[in-house]
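Below is one structure, written out as structure tokens, with a few remarks after it.
The values are calculated or read from the model by the stated rules, or taken from the named source; none is laboratory data. Predicted model only: the values in this text are computed from it and were never measured. Ideal geometry is used to build each Cβ from the backbone, glycine not excepted, and the neighbour counts take in all protein chains shown. All accessible areas refer to the heavy atoms of the entire protein, side chains included, with ligands and DNA or RNA removed. Shrake-Rupley method; radii C 1.70, N 1.55, O 1.52, S 1.80 Å.
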Amino acid sequence: MNILLTGGAGYIGSHIAVELLHAGHHVIVVDNLCNADAKSLRRVAEITNCEPLFFQTDIRNEAYLRQIFAANRIEACIHCAGLKAVGESTQKPLEYYDNNIGGTLTLLKIMHKYNCKNLVFSSSATVYGAADTLPITEATPKKPCTNPYGWTKSMIEQILIDIQHAAPEWNIILLRYFNPIGAHPSGKIGENPNGTPNNLMPYITQVAVGKRPQLNVYGNDYATPDGTGIRDYIHVVDLAKGHLKALEALSRNCGLQIYNLSTGNGYSVLDIVKTFERVNGIAVPYKIEPRRPGDIAACYASADKAARELGWRAELGLDDMCRDAWNWQKSNPDGF
Ligand code: NAD
Ligand code: WQD
């Protein structure tokens, strides 16, 4: 299939590109490189021996998108492009709403114009907010979001639900990612944050490689077994494979569907630190700091619906995630 992959030069998008190319799809990447390096796509080509077609543009550039659709018979879109830093979104809400929602609306208009009505959207666990019961399932009610980034995801979901409701010929899958970590086992692509990492695993790998003196553990007084926050970490390669399964469902005219991409397992911050140290034989010094505002104690989700309906389950474990994250960081201490 000819697949348009927005945000395909980014962390998750580049891993999706690898899986799509391995499966024989024709991949057309659109990315403005606001949070990515085009070298990631060269690495994708090294891994797969196939070159994705790449257009450097903002998805809000309607005229450019139109040209891309006119020149390529695009059959489905995987829409990963977006700004994703929770803290930054509270400082720059307009930028986040404009980029994430504005970008999605432009993409949808052009898809409609070119009669491409198959879409997979990168949504997030953040739409569940602080859920009342665990594990989270797709039937767990969404809660108000605590930051503009989260609201962009929640609002885009609603826009997509409304569009599919009005025009049932659209096939739309909302994939709610939990905490993607790790990297491709080749060590050629991985997470490459600008500046100080916001997320746990890239912070740990930067401590391990000597770029930062220690990890700050945000809170050890949560109601969890060791007091630190619990999350559902998922290997980025498993996550990427979930998109292939979603594409198959689009081809079966699935209508509107929502799936958690998670493992069902919750690990604490200290579980991650200890596993990283054991698997890689490297120390990660840490210090307990106060809780980070906006954090919740625990979040993990059932992926049974994806297993049942898509035939997808995460196959890699925490050891794999820690090994591959470190393999990427140590082979690329300064990123791409
Ligand atoms: P990323 O920043 O590495 O990738 C996003 C890509 O989109 C980047 O390459 C960026 O340059 C591009 N981009 C942003 N705005 C654009 C625009 N207007 N036009 C064109 N390109 C644009 O982030 P990621 O971790 O790979 O996340 C991919 C998607 O998954 C995002 O939508 C994110 O919100 C979502 N998501 C990520 C996580 C996570 O923890 N990484 C969790 C849940 C959901
Ligand atoms: C994980 C745990 C922290 C950093 C975020 C977004 C969410 C989604 C995934 C996009 C928490 C602790 C972290 C550090 C720490 N993204 N931590 N020291 O907050 O679960 O989710 O990324 O959709 O929307 O909110 O992930 O990796 O930031 O934190 O102790 O330096 O690690 O307190 O318990 P989070 P995270």
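Yes/no per residue for (1) in contact with a strand residue (DSSP E or B) (Cβ under 9 Å, 6 or more places away or on another chain); (2) within 24 Å of residue 247 (Cα to Cα); (3) β-branched (Val, Ile, Thr):
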{"residue": "36", "(1), (2), (3)": "no, no, no"}
{"residue": "39", "(1), (2), (3)": "no, no, no"}
{"residue": "63", "(1), (2), (3)": "no, no, no"}
{"residue": "101", "(1), (2), (3)": "no, yes, yes"}
{"residue": "104", "(1), (2), (3)": "yes, yes, yes"}
{"residue": "118", "(1), (2), (3)": "yes, yes, no"}
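Listed here are the residues, each with its yes/no results for (1) surrounded by fewer than 24 Cβ atoms within 10 Å (Cβ to Cβ); (2) touching a Lys or Arg at 6+ places or on another chain (Cβ under 8 Å); (3) part of a helix (DSSP H, G or I).
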{"site": "4", "(1), (2), (3)": "no, no, no"}
{"site": "9", "(1), (2), (3)": "no, no, no"}
{"site": "13", "(1), (2), (3)": "no, no, yes"}
{"site": "17", "(1), (2), (3)": "no, no, yes"}
{"site": "36", "(1), (2), (3)": "yes, no, no"}
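So in region 152-204, with the set limited to residues that are free of Cβ contacts under 8 Å to residues at least 24 places away in the same chain and out of contact with any Pro (no Cβ under 8 Å at 6 or more places or on another chain), which one is nearest to ligand 2 (Cβ to nearest atom)?
Among them, the one singled out is 197.
Please go through region 37-54 and pick out each residue that is hydrophobic (A, V, I, L, M, F, W, C), within 16 Å of ligand 1 (Cβ to nearest atom) and out of contact with any Phe, Trp or Tyr (no Cβ under 8 Å at 6 or more places or on another chain).
If we filter region 37-54 for residues that are hydrophobic (A, V, I, L, M, F, W, C), which is where we start, we get 38, 41, 44-45, 47, 50, 53-54.
Next cut, within 16 Å of ligand 1 (Cβ to nearest atom) only: 38, 41, 44, 53-54.
Matches in region 37-54: 44, 53, 54.
Table: residues versus (1) of a type outside the set (Asp, Glu); (2) within 13 Å of ligand 2 (Cβ to nearest atom); (3) touching a Phe, Trp or Tyr at 6+ places or on another chain (Cβ under 9 Å).
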residue: 219; (1), (2), (3): yes, yes, no
residue: 224; (1), (2), (3): yes, yes, no
residue: 237; (1), (2), (3): yes, no, no
residue: 242; (1), (2), (3): yes, no, yes
residue: 246; (1), (2), (3): yes, no, yes
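Among what's in region 79-100 and is farther than 18 Å from residue 57 by Cβ, within 19 Å of the chain's Cα centre (by Cα) and hydrophobic (A, V, I, L, M, F, W, C), pick the residue that is surrounded by the fewest Cβ atoms within 10 Å (Cβ to Cβ).
So, considering only residues that are farther than 18 Å from residue 57 by Cβ, within 19 Å of the chain's Cα centre (by Cα) and hydrophobic (A, V, I, L, M, F, W, C), the one surrounded by the fewest Cβ atoms within 10 Å (Cβ to Cβ) is 85.
Every residue, every condition in (1) in contact with a Ser or Thr (Cβ under 9 Å, 6 or more places away or on another chain); (2) surrounded by 17 or more Cβ atoms within 10 Å (Cβ to Cβ); (3) at negative phi, yes or no:
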| position | (1), (2), (3) |
| --- | --- |
| 276 | yes, yes, yes |
| 283 | no, no, yes |
| 291 | no, no, yes |
| 301 | yes, yes, yes |
| 312 | no, yes, yes |
| 329 | yes, yes, yes |
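Could you pull out the residue among 127, 120 that is open to solvent by less than 10 Å² (accessible area, probe 1.4 Å) and more than 13 Å from the chain's Cα centre (by Cα)?
Answer to the check: 127.
Please go through region 19-34 and pick out each residue that is open to solvent by less than 30 Å² (accessible area, probe 1.4 Å) and outside any helix (DSSP H, G or I).
Passing the criteria: 27, 28, 29, 30, 31.
Look through 56, 91 and report the one residue that is polar (S, T, N, Q), more than 16 Å from ligand 2 (Cβ to nearest atom) and modelled with pLDDT of 95 or more.
The conditions single out 56.
Taking strands (runs of 3 or more DSSP E) that fall entirely within region 192-266, which contain at least 3 residues that are in contact with a strand residue (DSSP E or B) (Cβ under 9 Å, 6 or more places away or on another chain) and open to solvent by 10 Å² or more (accessible area, probe 1.4 Å)?
Of the strands (runs of 3 or more DSSP E) lying wholly inside region 192-266, those with at least 3 residues that are in contact with a strand residue (DSSP E or B) (Cβ under 9 Å, 6 or more places away or on another chain) and open to solvent by 10 Å² or more (accessible area, probe 1.4 Å) span 256-261.
Looking at region 291-304, I want the residues that are under 13 Å from residue 133 (Cβ atoms) and in a loop (DSSP other than H, G, I, E, B) and have a partner that is open to solvent by less than 50 Å² (accessible area, probe 1.4 Å) and acidic (Asp, Glu) with Cβ atoms under 7 Å, at least 6 apart or on another chain. Which pairs are those?
Sorted first by the residue in region 291-304, then by its partner, the pairs are 299/232; 300/232.
Would you check if there is a residue in region 186-194 being under 24 Å from residue 295 (Cβ atoms), at pLDDT 95 or above and among the β-branched types (Val, Ile, Thr)?
no
Consider region 187-231. How many of its residues are over 20 Å from residue 331 (Cβ atoms) and away from ligand 1 (no atom under 11 Å from the Cβ)?
So the answer is 20.
For residue 212, indicate whether it is near ligand 2 (Cβ under 10 Å from one of its atoms), basic (Lys, Arg) and without any contact (Cβ under 8 Å) to a residue 24 or more places away in the chain.
yes
Among the numbered criteria (1) open to solvent by less than 30 Å² (accessible area, probe 1.4 Å); (2) under 28 Å from residue 267 (Cα atoms); (3) free of Cβ contacts under 8 Å to residues at least 60 places away in the same chain; (4) aliphatic (A, V, I, L, M), which one does residue 111 miss?
For residue 111, the exception is condition (2).
Tell me which of these residue 124 doesn't satisfy, since it passes every other one: (1) more than 17 Å from residue 259 (Cβ to Cβ); (2) touching a strand residue (DSSP E or B) at 6+ places or on another chain (Cβ under 9 Å).
Against the list (1) more than 17 Å from residue 259 (Cβ to Cβ); (2) touching a strand residue (DSSP E or B) at 6+ places or on another chain (Cβ under 9 Å), residue 124 comes up short only on (1).
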